[in-house]
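The values are calculated or read from the model by the stated rules, or taken from the named source; none is laboratory data. Quick caveat: nothing in here was measured; it's all calculated off a predicted structure. Here Cβ is always computed from backbone atoms with ideal geometry, including for glycine, and neighbour counts include all displayed protein chains.
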2 protein chains.
Amino acid sequence: MTEQAAPRRRGRPRGGTDSRERIIAAAVDEFGEHGYEAATIRAIAARAGVDPALVHHYFGTKADLFAEAIGIPLRPDVDVPGILTGPREEVGARVVRYVLEAFERPEVRRRGVMLIRTAISSRLGTPLLVGFLSRELIGRVARALDVEDAPLRASLVASQIAGLLVGRYIVKLPALVAADVDDLVARIGPTVQRYLFE
Amino acid sequence: MTEQAAPRRRGRPRGGTDSRERIIAAAVDEFGEHGYEAATIRAIAARAGVDPALVHHYFGTKADLFAEAIGIPLRPDVDVPGILTGPREEVGARVVRYVLEAFERPEVRRRGVMLIRTAISSRLGTPLLVGFLSRELIGRVARALDVEDAPLRASLVASQIAGLLVGRYIVKLPALVAADVDDLVARIGPTVQRYLFE
């Protein structure tokens, strides 16, 4: 508890590197063993030998800790509401642009490709990613939509986005690799828009 | 050459099982080593110790042999033209229905899932599947469209179809698993239609 005594700026501790690293390692183990849904901050803290409050202090929510643990520098709790607000008729385009601009960054692409490969090829990784996607991305979008078939709508969006990422960054279909981001946003944005709202 | 002397009904030889099996095994090796584009019927025949004409006799084109070698009982040379003819405004719906009805068959789903997992997780499998997809599926669709950006249009279709298959049959997003085929055709068909023609 002494580590909590001196509050530090979030994500930029001036000390406690050991605790941070122990927490990340514990999170990787806990998520890997129990899946996203069942893993708890409390159990991760216990594994790391720290107080749960310290985990929240360093990493925020379970979603943030997961994103940090798998090495994807995205913040669904911050990013998803940002994408969904703003002009409603442009939500589809914003979703596609957000994902593509993230994956154009080498550090996101590298880890993202690894994560997608793992999720699709291993029976262990699949429930983990699906749990995260369902709760943090599809769930957030679905709640924001507030219509009866929102989970299906959000899942259709996920299917197109996943297919785009696989096609452009993993199997590398030549025409998808050659296309620029603006062109892909113009072509795929209306699909996402229709899945969400029409 | 003696094996060719007595013509047999295609796909149902009353003998020559050994030759058929040797050809399949040779095809798996040849496609695996050289990729879809570079593999030739001639080289496969040489590996199997048979005449190239016998390979054609038993298996038809290279695409058919590939489909047989990977165990997917689909015939792109027959199926794709069938999907693309008929009312143009229903092509998108027919594409989605064709793929879903194929994957609802357990033997297609089992092998298809295995193939997708392998292609996405291994660097070896990826070029093989992409070569096949590019030449036999995307290429056929693109040629039939006869517009300048046809390869991109066909690749966008491939991205949505791949994402649908991954979402419904591999990572099993609950809402995509629960949806019935007609509903998915109604929602995704217009996407395919727009990618192809609009």
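If the condition is being of a type in the set (Val, Ile, Thr) and in a helix (DSSP H, G or I), then region B:17-53 contributes B:THR17, B:ILE23, B:ILE24, B:VAL28, B:ILE41, B:ILE44. Screening A:VAL147 on (1) of a type in the set (A, V, I, L, M, F, W, C); (2) outside any loop (DSSP other than H, G, I, E, B); (3) free of Cβ contacts under 8 Å to residues at least 12 places away in the same chain shows it passes everything except condition (2).
Total residues in region B:173-198 satisfying the condition of being of a type in the set (D, E, K, R) and surrounded by 14 or more Cβ atoms within 10 Å (Cβ to Cβ): the figure is 2. The residues in region A:139-160 that are more than 7 Å from every other protein chain (Cβ to nearest Cβ) and crowded, with 19+ Cβ neighbours inside 10 Å can be counted, and the count is 6. Scan region B:92-111 for residues that are under 19 Å from B:ALA69 (Cα atoms), at pLDDT 80 or above and part of a helix (DSSP H, G or I) and the total you get is 5. The residue of region A:41-79 that is modelled with the lowest pLDDT, among those that are β-branched (Val, Ile, Thr) and in contact with an Asp or Glu (Cβ under 8 Å, 6 or more places away or on another chain), is A:THR61.
Exactly one residue out of B:SER155, B:SER134 is polar (S, T, N, Q), under 20 Å from A:LEU165 (Cα atoms), more than 14 Å from the chain's Cα centre (by Cα) and assigned to a helix (DSSP H, G or I), and it is B:SER155.
Please work out if A:GLU136 is buried (at least 18 other Cβ atoms within 10 Å of the Cβ) and among the acidic types (Asp, Glu).
Answer is yes for this residue.
When the test is whether a residue is in a helix (DSSP H, G or I), at the interface with chain A (Cβ under 9 Å from one of its Cβ atoms) and β-branched (Val, Ile, Thr), B:VAL166 passes it.
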